[in-house]
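*Asks:* I'd like to ask some things about the structure below.
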Amino acid sequence: MSNVEADPAVPAQGAAEHSKPVPQVDVLSARDVPLGGPRAMTVRRTLPQRARTLIGAWCFADHYGPDDVTDTGGMDVAPHPHIGLQTVSWLFSGEIEHRDSLGSHAFVRPGELNLMTGGYGISHSEVSTTRTKILHGMQLWVALPEEHRHTGRDFQHYVPRPVRIDGADIRVFLGSLAGDTSPVRTFTPLLGAELVLDARSTTTLPVAAGFEYGLLVDLGEVRMAGTLLRPAELGYIGTGHDTLTLANESDAPARVVLLGGTPFEEQIVMWWNFIGRSHEDIVEAREAWENASDRFGSVDGYEGDRLPAPALPHAVIAPRKNPDTPLRGTR
């Protein structure tokens, strides 16, 4: 998915303070972002924000739907470029056709992972299919570490099996959780999993103490370590905890996506669809895209023009990283 914001960060909100040993949970609220076009598809963006740029190497989280495509027009994102990241597509309903400059032609379907690596440069298109009636899902980005940020193009598809544990059905699409491990390659330690929690259930998960975690609520109201999260909110906890307790406060099943990883200590420069380490990285990538260089290749099979790059800001794009201290406050 293409990022249309030049400065995609806003302040976050904090969660109520808890006494130890309950983990401190910070609550990040989403903001609505139109993706553009005459029938703009609006997404809810929770990462990045000024108060939190990354959770592990997860640096971008868009949550959209459920959208009736007869009203919204669905998704039609023309070929656009990426550098320095991996894109992670995860659907709850609908179907998206993916084409990229590696030559991949695949479909994103509910419960199936599509992961594309655009290190030095890749381009792709995303279009919801005519079979789609309701479009609902997430688009996530992972920042590549310095030693791998110029890696070659890659595309992986994986269908995780559901795992049942303590009142929850879990699909692990990246990393390891609940005794299941995804075979999909990442370049830093990561976790990505969908959990469907039984009505009025409580689930305690063993987790890696060296990871920080973000929990995005799709359906229902869920307490993460005692802090209530509502739909489209993302709860964050830092490192140092080897269990995570989730309680579904709803009378129906709740659906959440759990993201985690070791803290990403590098500063990144993030602009449009590019992740670099300096303003010059962004300028070079934009120029290569506008000049149709071989760096990004071409996408075959998409009917229409590719996306032009937006104008650069009239200032040096500053690097960003997470705050040195976590948020603290009350809802």
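The values are calculated or read from the model by the stated rules, or taken from the named source; none is laboratory data. The model shown is predicted, which means the values in this text are computed figures rather than measured ones. Methodologically, a virtual Cβ is constructed for each residue, glycine included, from the backbone with ideal geometry; neighbour enumeration extends over all protein chains shown. Surface accessibility is based on the protein's heavy atoms, side chains included, excluding ligands, DNA and RNA. Shrake-Rupley method; radii C 1.70, N 1.55, O 1.52, S 1.80 Å.
*Asks:* Return yes or no: is A315 without any contact (Cβ under 8 Å) to a residue 24 or more places away in the chain and not polar (S, T, N, Q)?
*Replies:* yes
*Asks:* Right, something else. Are any residues in the stretch 225-270 open to solvent by 30 Å² or more (accessible area, probe 1.4 Å) and closer than 30 Å to R286 by Cβ, and if so, which ones?
*Replies:* Within the stretch 225-270, P263, E265, E266, Q267 meet the criteria.
Results for (1) in contact with a Lys or Arg (Cβ under 7 Å, 6 or more places away or on another chain); (2) of a type in the set (V, I, T); (3) farther than 24 Å from E265 by Cα, shown as yes or no for each residue.
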| position | (1), (2), (3) |
| --- | --- |
| G111 | yes, no, yes |
| G119 | yes, no, no |
| R131 | no, no, yes |
| I134 | no, yes, yes |
| T151 | no, yes, no |
| R164 | no, no, yes |
| R171 | no, no, yes |
| A193 | yes, no, no |
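*Asks:* Are there any pairs with C-beta distances below 9 angstrom linking a residue in the stretch 192-219 that is surrounded by fewer than 22 Cβ atoms within 10 Å (Cβ to Cβ) to a residue that is of a type in the set (V, I, T) and assigned to a loop (DSSP other than H, G, I, E, B), with the two at least 6 apart or on different chains, and if so which?
*Replies:* Every condition considered, the pairs that remain are A208/T239; A208/T262; A209/T239; G210/T239; G210/T262.
*Asks:* Which of the residues belonging to the stretch 106-137 are under 20 Å from T70 (Cα atoms) and either more than 19 Å from the chain's Cα centre (by Cα) or among the aliphatic types (A, V, I, L, M) (or both)?
*Replies:* V108, V127, T129, T130, R131, T132, K133, I134, L135 - these are the residues of the stretch 106-137 that are under 20 Å from T70 (Cα atoms) and either more than 19 Å from the chain's Cα centre (by Cα) or among the aliphatic types (A, V, I, L, M) (or both).
*Asks:* Give me the residue from the stretch 287-310 that is of a type in the set (G, A, S) and touching a helix residue (DSSP H, G or I) at 6+ places or on another chain (Cβ under 9 Å) and, out of that set, surrounded by the fewest Cβ atoms within 10 Å (Cβ to Cβ).
*Replies:* Within the stretch 287-310, the match that is surrounded by the fewest Cβ atoms within 10 Å (Cβ to Cβ) is S293.
*Asks:* Out of all the residues in the stretch 112-143, which are in contact with a Pro (Cβ under 9 Å, 6 or more places away or on another chain), open to solvent by less than 40 Å² (accessible area, probe 1.4 Å) and either more than 19 Å from Q86 (Cβ to Cβ) or hydrophobic (A, V, I, L, M, F, W, C) (or both)?
*Replies:* Answer for the stretch 112-143, where residues must be in contact with a Pro (Cβ under 9 Å, 6 or more places away or on another chain), open to solvent by less than 40 Å² (accessible area, probe 1.4 Å) and either more than 19 Å from Q86 (Cβ to Cβ) or hydrophobic (A, V, I, L, M, F, W, C) (or both): L113, I122, L135, H136.
*Asks:* In the list D154, D67, which residue meets the criterion of being out of contact with any His (no Cβ under 6 Å at 6 or more places or on another chain) and surrounded by fewer than 17 Cβ atoms within 10 Å (Cβ to Cβ)?
*Replies:* Every option except D154 fails the conditions.
*Asks:* Out of all the residues in the stretch 89-107, which are out of contact with any Phe, Trp or Tyr (no Cβ under 9 Å at 6 or more places or on another chain) and part of a strand (DSSP E or B)?
*Replies:* Those that are out of contact with any Phe, Trp or Tyr (no Cβ under 9 Å at 6 or more places or on another chain) and part of a strand (DSSP E or B): S89, L91, F92, S93, H105, F107.
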